[in-house]
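Student: First, the structure itself, so that you have it in front of you.
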Amino acid sequence: MPVRVHPPRRLTTDGLYKKDVRWSPDGKRIAFARSHGGEFTIWTIAPDGTGLRQVTPSQSTKASQYEPDWSPDSARLVYVSYTFAGTDGFLHLHTISADGGDSRRIVTGPQFNMHPAWSPDGRTIAFCSNRHGNPEIYLCDADGGGVRRITSDPAMDQHPSWSPDGRQIAFDSNRDGDWEIYTMAADGSGVRRLTRHPSTDTHPRWSPDGRHIAFVTFRDGNDEVYVMDPDGGSPVNVSNHPAWDKFPAWRPDSRALAWVSYRGGVPDLYVAEIEW
């Protein structure tokens, strides 16, 4: 797979910790979680680095909100909200409008609910939960109803990512002894292992055109962003830097990736154009 990666362009310079990057389907905003004032909150920024805006409000308890993902119409975000309960806490799923209004809790309960991913048709949200013991992947309706489990394995299944046609879900799991990338049908059937490397492969992100899957790997001795074919073939290092690079997000045209990198000495947001 011949790939030319242009030098990454730095979007932020504040040096505050950032993670969980997602590019809006309309291409106008990039969402991410940003550590600010002792908590994580959801922020968005324009792809040229202007217009930084806080979406989720700061909490008096300093509880955090993170792991945003966009609805297909770019009107709302689903995200994880942490709430304190004595000395413990729970992770719930919320949605909020892109301008920060109309927050709704959609999935709750005395367990962890995390890694939400909105389906391409807007009707379903995939997420990870430990409500039956170990972390598994579940689906729910966009309003939080109809929760159903689609993986069942003694190991951990995490970080679902929908194919653009909505028929498959990529995820990472340690079910074969180390962390690898897998795909399955949207109903949980037909699980297929894509990566086979003794190092850690996680955080798959399907490209909007369906031709590639980006993921994070430690196979070079530090976290790097790689891209591979949907069958696991032709893996290519696109971040290629001795500092860590994580949390990849595709531009809607599948010709650029945003991610968080330490290459400037602090964790900031970068964008790189990619030519196939």
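Readers should treat all values here as calculations from the given coordinates under stated rules, not as data from a laboratory. Everything numeric here is computed off the predicted structure, so don't read it as measured data. Positions of Cβ are generated from backbone atoms using ideal geometry, with glycine treated the same way; all protein chains shown enter the neighbour counts.
Student: Hey, what do the phi angles of the stretch 45-51 turn into as Karplus ³J(HN,Hα) couplings, whole Hz, using 6.51/-1.76/1.60 and θ = phi - 60°, x for Gly and Pro?
Tutor: So the J values, rounded to whole Hz, are 8, 6, x, 8, x, 9, x.
Student: Efficiency by 1/(1 + (r/R0)^6): what FRET value for residue 58 and residue 153, r their Cβ-Cβ distance, R0 = 51 Å, to the nearest 0.05?
Tutor: Working: r = 38 Å, r/R0 = 0.74.
Once rounded, the FRET efficiency stands at 0.85.
Student: Go ahead and run the numbers for FRET between residue 266 and residue 219, Cβ-Cβ distance against an R0 of 30 Å, rounding to 0.05.
Tutor: Working: r = 25 Å, r/R0 = 0.82.
In this case the efficiency is close to 0.75.
Student: Could you pull out every residue, at least 5 positions away or on a different chain, whose amide H is within less than 5 Å of the one on residue 223? Hs are placed 1.01 Å off N in the peptide plane, and Pro or chain starts have none.
Tutor: 245
Student: Rounded if a/c is under 1.5, else prolate if a/b is larger than b/c, else oblate: which is the stretch 70-216, with a ≥ b ≥ c the root eigenvalues of its Cα gyration tensor? List each step's numbers first, then the result.
Tutor: Details: a/c = 1.82, a/b = 1.23, b/c = 1.47.
Verdict is oblate for the stretch 70-216.
Student: Still on this structure, I have one more. So if we plug the beta-carbon distance of residue 123 and residue 243 into 1/(1 + (r/R0)^6) with R0 = 51 Å, what FRET efficiency do we get, rounded to 0.05?
Tutor: Details: r = 39 Å, r/R0 = 0.77.
Given R0 = 51 Å and the Cβ-Cβ separation, E is 0.85.
Student: Equivalent-ellipsoid semi-axes (√(5λ), Cα gyration tensor) for the stretch 4-275, whole Å, largest first? If you can, show how the numbers build up before the last one.
Tutor: Details: eigenvalues 123, 113, 63 Å².
So the equivalent ellipsoid measures 25, 24, 18 Å along its semi-axes.
Student: Taking 7 Å along the Cα-to-C-beta vector as the label spot, tell me the residue 276-residue 192 distance in nanometres, rounded to one decimal.
Tutor: My value for the distance between the label points is 1.7 nm.
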